[in-house]
Amino acid sequence: MYHTKTLAELSAMLEAGEVTSVELTQSFLDRIKQFDGELNSFVTVTEELALAQAKAADKARASGKAGPLTGIPIAHKDIFCTEGVKTSCGSKMLDNFISPYSATVVEKMRDAGVVMLGKTNMDEFAMGSSNETSFYGPVKNPWNTQAVPGGSSGGSAASVAARLAPASTGTDTGGSIRQPASLCGITGLKPTYGRISRYGMIAFASSLDQAGPMAQSAEDCALLLNAMAGFDSRDSTSMERDVDDYSASLNNSIEGLKIGLPKEYFSEGLDAGVAKQVDDAIAQYRAMGAEIIDISLPNTHLAVPVYYVVAPAECSSNLSRFDGVRFGYRCEDPKDLEDLYKRSRGEGFGAEVKRRIMVGAYALSAGYYDAYYLKSQKLRRLISEDFSKAFEQVDVIMGPTAPSTAFNIGEKTDDPVSMYLSDIYTIAVNLAGLPGMSVPAGFSNNMPVGLQIIGNYFEESRLLNVAHQYQQKTDWHKQIPEAFV
Amino acid sequence: MSLGPDDVKKIAHLARLGINESDIEGYADSLSSILGLVEDMNTVNTDDVLPMAHPQDVSQRLRVDEVTESNQREKFQAIAPLTEDGLYLVPQVIE
């Protein structure tokens with residue numbers, strides 16, 4: 001019954017000696033064995049390593065050297081390099097890749113005494129919104145196994161929603177933490193760009209990628225962010241800035257909080273059932289003393305077009321490192337060097353990755369740079385300025401995380417553009433580099449709905465405070481899908 | 001913006017991506033629809049807007065130019081597809 005507890009509760013139980021890390025870890029490994037055949041949320045389960053880490057955590061605790069996360073088992077998205085453990089990034093290209101080093105996030109978690117249960121399934125190279133582009137097959141949504149869990153951190157979201165892990169790490173380039181958190185009914189935070197080191201996090205779009213925690217509650221996300229955040233000299237875009245104690249302000253009053261509602265996030269294309277739940281959440285905030293202010297983010301409609309230049313352009317550059325020479329997949333019997341490159345990449349990458357590499361290569365090719373990449377960078381500024389203006393007026397911005405609840409597996413695979421539009425409310429936040437969260441806000445037709453909360457730069461503490469206060473008044477985040485109780 | 005099969009072949013070559021002949025038509029369609037979506041960018045005049053390369057407009061951090069990494073050749077080559085005497089092997093380039 002440990003799986004019904006939040007990470008914060010498990011931390012208290014470990015501290016009180018009511019459970020050992022080995023017992024806890026074994027119970028989650030057992031749940032993974034029992035349920036993951038159906039969900040497919042893990043690519044690799046690191047059972048032996050997990051139990052060894054759990055033993056070490058129990059020993060550390062016995063000798064008085066334990067922090068709040070010592071002995072807590074979690075899962076890492078398979079985009080984070082883990083030394084000695086397969087790191088696939090959801091791709092055939094890296095199916096044989098045993099990472100020779102660990103990501104900073106993985107190291108920081110390990111140093112905090114966190115136990116790694118395994119590596120979670122994801123869209124290939126984080127390119128997708130449904131987890132259907134994974135080389136390892138789609139992940140199922142625990143609330144309805146016909147439906148997608150969202151993506152690209154779909155395995156992380158599904159594993160937490162089904163309580164196969166108390167929490168997991170994710171990454172968010174255009175919504176890849178928030179959208180699956182919304183579709184699976186969990187709490188996810190994408191911090192400010194540069195807040196968490198990108199070192200060892202396999203790069204997709206370097207000016208957008210950001211890691212973050214995915215957990216049951218804002219309180220749990222705060223505990224995880226405390227361990228994940230911080231400057232890292234190995235990431236040239238890491239911000240040299242002090243890290244808050246993200247747990248310290250959770251209980252602050254939100255009386256008088258100014259919440260901005262962008263009219264563009266409540267217009268055409270938003271599912272009525274989702275709108276209803278978001279409206280109810282806003283009403284809850286009003287009842288808690290918040291002031292609701294109508295705002296406009298007039299360039300919202302440009303976010304998806306801009307993203308589909310910036311992200312593919314950066315991906316085509318980042319993914320040029322996969323060449324069949326130094327690591328990863330290599331084709332059989334290449335006849336010359338060009339054949340080696342082309343077939344290794346052609347056979348190693350899936351269709352969506354190839355599509356995005358080609359869009360990027362086209363946008364960056366001779367004669368098109370100004371029309372695409374430069375234009376997108378200029379519009380990116382306009383999108384960012386919309387937010388700066390809004391934050392002169394309000395403390396946080398709220399709206400839906402996704403325009404609908406989870407769609408069915410296969411429903412959007414033939415139409416990439418319709419898939420891209422499922423990130424319509426999350427993408428602008430990445431382009432501006434702002435922090436954003438998704439918080440469970442109820443159900444529409446029995447599927448979870450997420451409330452998105454967007455904050456100003458480095459205001460993760462405020463976001464977590466605002467989310468935590470809502471979670472003191474509601475129990476949406478405590479719901480567990482029936483089949484996994 | 002509409003791309004045809006020849007455009008797809010050219011782009012795939014630029015990106016060194018092997019594409020099956022039978023998939024080219026499909027890529028031409030999907031790339032065209034993505035570029036169609038992207039075309040919305042042209043509805044806004046940006047003549048006086050500065051491009052934004054970094055979300056917080058900070059400049060790249062620099063460090064002292066000195067060696068900080070140790071040689072890990074054996075460790076890194078252990079995961080390479082094909083090596084010999086500490087070298088990565090590729091098909092012969094020079095006759």
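Values quoted throughout were computed directly from the atomic coordinates according to the rules given, and no laboratory measurement underlies them. This structure is a prediction, so every number in the text was calculated from the model and none was measured. When we count neighbours, we look across all protein chains shown, and the Cβ atoms used for this are built from the backbone with ideal geometry, even at glycine.
Numbers below:
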item: Net charge of neighbours whose Cβ lies under 14 Å from the Cβ of residue A:349, counting Lys and Arg as +1 and Asp and Glu as -1; result: +3
item: Antiparallel bridges, percent of DSSP beta bridges restricted to the protein assembly as shown (to nearest 5); result: 70 percent
item: Euclidean distance between Cα centres, the stretch A:132-169 to the stretch A:53-75, Å; result: 27 Å
item: When the stretch A:289-344 is reduced to its Cα atoms, the Kirkwood hydrodynamic radius in Å; result: 15.2 Å
item: Nitroxide proxy distance, nm - points 7 Å out along Cα→Cβ at residue A:242 and residue B:70; result: 3.5 nm
item: Alpha-carbon spread of the protein assembly as shown, three principal axes, descending order, Å; result: 72, 57, 52
item: Summed side-chain charge close to residue A:455 - residues other than residue A:455 whose Cβ falls under 9 Å, Lys, Arg +1, Asp, Glu -1; result: -2
item: Among B:86, B:27, B:60 the positive-end extreme of the charge dipole of chain B (Cβ point charges); result: B:86
item: Per-selection Kirkwood Rh - the stretch A:1-118 (Cα, Å, 1 d.p.); result: 14.7 Å
item: Extended-chain gain in nm, criterion 0.36 nm per residue less alpha-carbon gap, residue B:78 and residue B:25; result: 15.1 nm
item: Cross-link partners of residue A:86 among lysines (Cα-Cα below 28 Å; sequence separation of 8 or more within a chain); result: A:33, A:55, A:59, A:77, A:108, A:119, A:140, A:190, A:342, A:354, B:75
item: Dipole magnitude of the stretch A:301-369, debye to nearest 20 (Cβ charges: Lys/Arg +1, Asp/Glu -1, about Cα centre); result: 140 debye
item: For chain B, calculated [θ]222 nm from helices alone, where every DSSP H run of n ≥ 4 adds -39500 (n - 2.57); result: -9500 deg cm²/dmol
item: Neighbour net charge for residue A:405 - beta-carbon separation under 13 angstrom, K R +1, D E -1; result: -1
item: Cα centroid of the stretch A:443-469 to Cα centroid of the stretch A:178-256, whole Å; result: 13 Å
item: The stretch A:318-337 versus the stretch A:353-428: alpha-carbon centroid distance in Å; result: 30 Å
item: Convex hull (Cα only) mean projected area of the stretch A:355-427, reported in nm² to one decimal; result: 6.6 nm²
item: Mean projection area, nm², convex hull over Cα of the stretch A:399-485; result: 7.0 nm²
item: Peptide B:40-53, shielding by other chains (average Cβ, 10 Å cutoff); result: 6
item: Total charge dipole magnitude, the protein assembly as shown, about the Cα centre, Cβ charges on Lys, Arg, Asp, Glu only, Debye to nearest 20; result: 780 debye
item: Dimensions in Å of the stretch A:83-130 - Rg and Dmax from alpha carbons; result: 11.9, 32
item: Sorted largest first, extent of chain B alpha carbons per principal axis (Å); result: 55, 45, 25
item: Charge dipole of the stretch A:301-369 about the Cα centre (unit charges at C-beta), most positive-ward option of A:331, A:367, A:312; result: A:312
item: Label-point separation, residue A:60 to residue A:385 (7 Å along Cα→Cβ), nm; result: 4.8 nm
